[in-house]
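What follows is calculated from the coordinates using simple rules that are stated; it is not laboratory data. Being a predicted model, the structure only gives us computed values, none of them experimental. With ideal geometry, Cβ positions are generated from the backbone for all residues, glycine too; neighbour counts draw on all protein chains shown.
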Amino acid sequence: MTRRRTAASLVLLTLVLPLLPVASGTAVAAGSSAAVAPAAAQTPRKAPELPRPTGRFAVGQDTLHLVDRSRTDHWSGSGPRELMVTMRYPALRGTGGPVRYLTEEEARLLLVDRGLDGLVSPRTLADTASHSRSGARPAAGRYPLIVLSPGFSVPRATLTSLAEDLASRGYVVAAVDHAHESAGTAFPGGRVLQCLACEKTGGDAGYKAVSDGRARDVSFLLDRLTGRDPAWHRAGLIDPHRIAMAGHSIGGASAAAAMAADGRVRAGVDMDGGLATPVPATGLGGRPFMLIGKADRTPGKDSTWDRDWPLLDGWKRWITFADSGHFTFTDFPHLGDELGIPDPGTPLPGARSVELTRRYVGAFFDQHLKGRPRPVLDGPAADAPEVRFHRP
């Protein structure tokens, strides 16, 4: 393991460690010197269950493997660029079969990458119950498309709660794993690609390379979903004139980068990601963009948000959640609560984290892709006292 990889893992440990159990049933605090209990000493735990989607549709799920033969993978230096994509869509209730949250190997690598192997069974994490159904019959119609991109080194599965809710509300959702940018992603043929980018990335230029690469991935994805010969057999569900993107951490930075590079992306949301690729001086063509951050990502605390806020030249919002952390916008806080080990450093409960993320991200897309005004985006609400609106 390189020194850079070790440093990155230590940062992630401070964010994720409180979510996972030790044998005694207590949480190990970030930075603690407490010994790691062997896996055999663990108390068995029931697999967590994600919150149910709030929309009127059931959620169908398909998986795509996409290969861009026009590009060499920039992390491995050989072979074409590859993506794994989970497609979720509005579906009919009572159809389709169960799906896995992660493969057991993906779960194992995710835990190993953070030094958490032995603290929780990979199977427990892999068996997390979600609410999508494989191969479910689609609900007739054409729906806006939302691309979701996860944080650096974590898989697309970590945005499942948000993806399922959006699909249940009448969106097609494409959650993307970018090859060699997660701890482990299962590809066809029994391959599990690990995070080569984690060994090679550091500093502003390195993270910009990630963000710029993901923007190219998204353009390729849109070509394959909305072009003449679509890769997805349900592509007729997609309205190609209503496309947007959201992402967590570097995935959120990539949403802005994708908008700058591809005019098909009409709106974007950055969930607590520093803007590694600067917004162009010419702006984003008047398209709407929302910054949604953890408690301390306020004006004056993130130089990239301060720098680029004036360049966002369309409808825009900058909001934060009180008592939240970097992973608040993912499944992690809810999983921690389900396992009985909430993170004391980010006291916003997991269920509330999911509820607020779904509410504000969903409202943004309802307003800007479906033309439905959402007053919750206009300012503070009595039933959401945790939400702060900032107007630098």
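Couple of notes before you dig in:
- Diffusion constant of region 293-351 at 20 °C, which comes from Stokes-Einstein with the Kirkwood Cα-pair radius and 1.002 mPa s, µm²/s: 167 µm²/s
- Sorted by Cβ density within 10 Å, fewest first, the residues 82, 199: 199, 82
- Highest-first arrangement of 162-170, 135-143, where packing means the average Cβ count within 10 Å: 162-170, 135-143
- Enclosing the Cα atoms of region 221-294 in their convex hull gives a volume equal to 97 cubic angstrom per residue.
- All-pairs Cα distance distribution in region 266-325, expressed in whole percent, bin size 5 Å: 4, 20, 31, 27, 12, 5, 1
- On a per residue basis, the convex hull of the C-alpha atoms belonging to region 199-322 measures out at 125 Å³.
- Simple label model, 7 Å out from Cα along Cβ direction - residue 370 to residue 129, nm: 2.7 nm
- In terms of the mean number of neighbouring beta-carbon atoms within 10 Å, the peptides 225-236, 207-218 order highest first as 207-218, 225-236.
- Dipole in debye (nearest 20) - region 49-145, about Cα centre, beta carbon charges: Lys, Arg +1; Asp, Glu -1: 620 debye
- Pairwise Cα separations in region 164-242 fall into 10 Å bins from 0 onward with the following percentages, short to long: 15, 35, 35, 15, 0.
- The slack in the chain from residue 100 to residue 282, taken as 0.36 nm per residue of separation less the alpha-carbon distance, amounts to 61.2 nm.
- For the chain, modelled as a GNM whose springs connect Cα atoms under 10 angstrom apart, the maximal fluctuation among 172, 269, 112 occurs at 112.
- Derived scalar couplings ³J(HN,Hα) [region 325-333; Karplus, 6.51 cos²θ - 1.76 cosθ + 1.60; whole Hz; x for Gly, Pro]: x, 4, 8, 3, 8, 10, 6, 4, x
- Based on Cα contacts under 8 Å between residues 6+ apart, the chain shows a relative contact order of 16 percent.
- Three semi-axes describe the equivalent ellipsoid of region 243-392; taken as square roots of 5 times the Cα gyration tensor eigenvalues and ordered largest first, they are 25, 16, 14 Å.
- Residue separation of residue 231 and residue 199 scaled by 0.36 nm, minus their Cα-Cα distance, works out to 8.4 nm of gained length.
- Nonlocal amide H pairs with residue 134, under 5 Å, H built at 1.01 Å: 61, 97, 99
- Remark: the chain carries a charge dipole of roughly 880 debye about the Cα centre, counting +1 on each Lys and Arg Cβ and -1 on each Asp and Glu Cβ.
- FRET efficiency, residue 93 to residue 219 (Cβ-Cβ, R0 25 Å, nearest 0.05): 0.10
- Those aspartates and glutamates that a straight Cα-Cα span of less than 20 Å connects to residue 301, excepting residues fewer than 8 apart in one chain: 204, 270, 272, 323, 386
- Calculated P(r) of region 49-91 - Cα pairs past 17 Å, %: 53 percent
- Alpha-carbon gyration tensor eigenvalues x 5, square-rooted, for region 79-172, Å: 27, 16, 11
- Coarse-grained scattering of the chain at q = 0.11, 0.12, 0.13 Å⁻¹, given as base-10 log I(q)/I(0) from a Debye sum over alpha-carbon atoms: -0.74, -0.90, -1.08
- Ellipsoid semi-axes for region 198-251, based on the Cα gyration tensor and the rule √(5λ), read 29, 12, 8 Å when sorted largest first.
- Distant-in-sequence amide H partners of residue 143 (H built 1.01 Å from N, under 5 Å): 238, 239
- For region 127-184, the dipole from Cβ point charges (+1 on Lys and Arg, -1 on Asp and Glu) about the Cα centre works out to 320 debye, to the nearest 20.
- Scaled to the globular estimate 2.2 N^0.38 Å, the Cα spread of region 327-392, given as radius of gyration, is 1.27.
- Inter-part distance where region 167-242 and region 63-130 are each reduced to a Cα centre, Å: 12 Å
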